[in-house]
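Novice: Handing you this structure, nothing more for now.
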Amino acid sequence: MNPSSQSRPAAVLFDLDGTLIDSAPDLANAANWLRAQHDLPPLPYAQLRPMVGSGARGMVGIAFGVTPADNRFEALRDAFLARYAEALLQDTMVFAEVQPLLASLERAGLPWGIVTNKATRFAQPVVQGLALHTRAGTLVCGDTMPQAKPHPAPLLEAARRLGVAPQDCIYVGDDLRDVQAGQAAGMRTVAVRWGYLGTGERIEDWGADLVVENPDQLLNWLDLA
């Protein structure tokens with residue numbers, strides 16, 4: 001499905017981690033730091049990276065083999081987040097190929113915003129540190145609304161803030177929950193292969209309107225290339 005066959009969207013909304021930015025190195029470092037505190041060897045980066053989209057739950061889960069039901073989980077999660085907060089921007093950066101995508105949206109006068117499950121205390125300094133705060137039309141975080149993705153509430157709030165109808169927005173993400181949230185909000189959805197993707201269903205099975213290998217394909221889909 002091509003937007004030009006319907007109408008060009010009024011706004012594009014993005015997930016943050018794994019979609020706009022590559023935060024995996026800093027999150028992986030925090031997980032391995034915590035393993036070191038427990039006299040455990042570091043895990044390979046390739047093993048940690050896919051779990052970034054699952055946040056602290058996923059990172060602590062893969063690093064220590066625990067679930068939120070485990071008695072150890074809460075203390076490990078809190079220690080992980082405390083360490084991450086100390087080193088949010090050591091190696092985190094905007095994906096290089098995403099920068100031209102954002103510039104093209106801005107040249108076309110197409111507003112864009114960020115909807116993330118990352119808590120405000122982490123997302124806001126990262127977005128500011130990467131100089132995205134002056135460009136994004138809105139930032140809706142995991143604790144902005146009572147519900148987080150896959151609930152549609154954060155996406156609906158972002159559309160409201162941008163002054164556009166949800167059905168006129170496209171939501172772009174790298175996790176099944178992104179597609180589920182976008183669909184529940186009545187938005188067209190794009191899944192990106194360059195993200196973290198998790199370890200569940202294949203990206204082709206998420207039900208997104210489009211799966212893209214790179215940002216150029218998204219620009220073509222938007223008729224902005």
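The values are calculated or read from the model by the stated rules, or taken from the named source; none is laboratory data. Keep in mind that what you see is a predicted model, and the values were worked out from it rather than measured. Here the Cβ is made from the backbone with ideal geometry for all residues, glycine too, and neighbour counts use every protein chain on show. Each accessible area value is taken on the protein alone, full model and side chains, heavy atoms only, with ligands, DNA and RNA left out. Shrake-Rupley method; radii C 1.70, N 1.55, O 1.52, S 1.80 Å.
Novice: Before I look further, what does the chain give for accessible area per residue, probe 1.4 Å, in whole square angstrom?
Specialist: Details: 9810 Å² over 225 residues.
Here the residues of the chain average 44 Å² of exposed surface.
Novice: Does the range 76-188 classify as rounded, prolate or oblate by the C-alpha gyration tensor (a ≥ b ≥ c root eigenvalues; a/c under 1.5 gives rounded; else a/b over b/c gives prolate, otherwise oblate)? Provide the component values of the computation, followed by the final result.
Specialist: Numbers: a/c = 1.97, a/b = 1.24, b/c = 1.59.
Cα axes put the range 76-188 in the oblate bin.
Novice: Follow-up question, since we're still on this one. Hey, can you grab everything whose amide H is under 5 Å from the amide H of A11? Only 5+ residues off in sequence or another chain; H modelled, so Pro and N-termini drop out.
Specialist: I170
Novice: Given the DSSP H assignment, sum -39500 (n - 2.57) over each helix run of at least 4 residues in the chain and divide by its residue total; what's the result at 222 nm in deg cm²/dmol, nearest 500? It would help to have the intermediate numbers written out before the result.
Specialist: Values: 9 runs with 88 residues, N = 225.
Rounded to the nearest 500, it is -11500 deg cm²/dmol.
Novice: Hey, could you grab the Kirkwood Rh for the range 148-225? Inverse mean 1/r over distinct alpha carbon pairs, Å, one decimal. All intermediate terms of the calculation are to be shown ahead of the outcome.
Specialist: Working: mean 1/r = 0.0789 Å⁻¹.
In the range 148-225 this quantity evaluates to 12.7 Å.
Novice: While we're here: With θ set to phi - 60° and the Karplus curve 6.51 cos²θ - 1.76 cosθ + 1.60, what are the ³J(HN,Hα) couplings of the range 207-212 in order, to the nearest whole Hz, using x for Gly and Pro?
Specialist: Calculated HN-Hα couplings, in order: x, 5, 5, 8, 10, 10 Hz.
Novice: Follow-up question, since we're still on this one. Assuming 0.36 nm per residue, please report the length gained on full extension of the stretch Q147 to Q47 beyond their Cα-Cα distance. Provide the component values of the computation, followed by the final result.
Specialist: On the way: separation 100, 0.36 × 100 = 36.00 nm, distance 2.90 nm.
Length gained between Q147 and Q47: 33.1 nm.
Novice: How big is the charge dipole of the chain about its Cα centre, in debye rounded to the nearest 20, if each Lys and Arg gets +1 on its Cβ and each Asp and Glu gets -1 on its Cβ?
Specialist: On the way: 18 positive and 25 negative charges, 80 e Å.
Rounded to the nearest 20 debye, it is 380 debye.
Novice: Then there's this: Quickly work out the A85-to-R107 label distance, labels modelled 7 Å from Cα along the C-beta direction, and quote it in nm with one decimal.
Specialist: 4.1 nm
Novice: Run the accessible area of the range 28-124 with a 1.4 Å probe and give the carbon-and-sulfur part as a rounded percent.
Specialist: Values: 2540 of 4820 Å².
Percent of accessible area from carbon and sulfur atoms in the range 28-124: 53.
Novice: Next up: Excluding T19 itself, calculate the net charge of residues whose Cβ lies under 13 Å from the Cβ of T19, where each Lys or Arg counts +1 and each Asp or Glu counts -1.
Specialist: Details: positive: K118, K149, R177, R193; negative: D15, D17, D22, E97, D174, D175, D178.
Spelling it out: positives minus negatives among the neighbours equals -3.
Novice: Taking 0.36 nm per residue of sequence separation and subtracting the Cα-Cα distance, how much length would be gained by fully extending the chain between D78 and Q99, in nm to one decimal?
Specialist: Details: separation 21, 0.36 × 21 = 7.56 nm, distance 3.27 nm.
Stretched out fully, the D78 to Q99 stretch lengthens by 4.3 nm.
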